[in-house]
1. Regarding residue 71, is this residue modelled with pLDDT of 90 or more, assigned to a strand (DSSP E or B) and in contact with a strand residue (DSSP E or B) (Cβ under 6 Å, 6 or more places away or on another chain)?
2. Do we have residue 48 as in contact with a helix residue (DSSP H, G or I) (Cβ under 8 Å, 6 or more places away or on another chain) and either assigned to a helix (DSSP H, G or I) or buried (at least 16 other Cβ atoms within 10 Å of the Cβ) (or both) here?
3. Go through the stretch 51-68 residue by residue and tally those that are farther than 24 Å from residue 15 by Cα and part of a loop (DSSP other than H, G, I, E, B).
4. On the given criteria, is residue 20 surrounded by fewer than 17 Cβ atoms within 10 Å (Cβ to Cβ) and either touching a strand residue (DSSP E or B) at 6+ places or on another chain (Cβ under 7 Å) or free of Cβ contacts under 8 Å to residues at least 12 places away in the same chain (or both)?
5. Look through 26, 82 and report the one residue that is without any contact (Cβ under 8 Å) to a residue 40 or more places away in the chain, over 23 Å from the mean Cα position of the chain (by Cα) and in a strand (DSSP E or B).
């Protein structure tokens, strides 16, 4: 059986790995020109942890993972206000719990399948036509090919789902929340055992260090003031509407002004972190 998988994030390569174990030929197609190197920091445990163990990934995950000891709430000067430890999570999971970058996990899985299946970067599925025994796939750049099975593992705004079930606004429901994540320069310390969180008028920032001093992950989350009002829906992962949606949550605000308001706090937290003040 010849299987086409759309999406080379985490689910797609994991599926390709297991299909290969059972003798199926897989082709991965990914719209990005190369493997993505950005994304959220994720808490990794439960079923995903079990599957990673069966794939032989745990030693590498333990090496690159971030073993957090505390979620610490700080003020804009980096001084501790409150927080809680994560030992309970480790007890509940039998120690099978770690935090790591989504892109780092993706690369570990990708390295397991590289060379064992066909991987196409910089292309995507433009059309699907199902016949009795196969699926005719029209690629955006690579012409038409035939597969026995097509699987969509291409994320929240799935191209495959859109082609099969129609536009996502038919079935999505906007819950009024906006989240953004990005990486910035590291803290200057080799490791840290705390994830820092600080509240601001427009939302909340969380800053998590990676195990290397060069990288630091930031996330920003906000909810609209009114549950009954919904902002514009984003059809793509990266587009200007993300900025408009966030700004629309706060009348009179704009993304630049929100970022300006928060930049001082982030700089203060990072400076305090580098000086070790948050460990006091």
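The values are calculated or read from the model by the stated rules, or taken from the named source; none is laboratory data. Note that the structure is predicted; figures quoted are calculated from it, not measured. We place every Cβ from the backbone using ideal geometry, glycine too, and count neighbours over all the protein chains shown.
1. So residue 71 does not fit the description; no.
2. no
3. Looking only at that region, the number is 2.
4. The answer is yes for residue 20.
5. Criteria check complete, one pass: 82.
Let's see how each residue does on (1) within 26 Å of residue 139 (Cα to Cα); (2) at pLDDT below 85; (3) in the same structural domain as residue 155 (by TED's automatic domain parsing):
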position: 6; (1), (2), (3): yes, no, yes
position: 18; (1), (2), (3): yes, no, yes
position: 21; (1), (2), (3): no, no, yes
position: 25; (1), (2), (3): yes, no, yes
position: 34; (1), (2), (3): yes, no, yes
position: 53; (1), (2), (3): no, no, yes
position: 58; (1), (2), (3): no, no, yes
position: 77; (1), (2), (3): no, yes, no
position: 95; (1), (2), (3): no, no, no
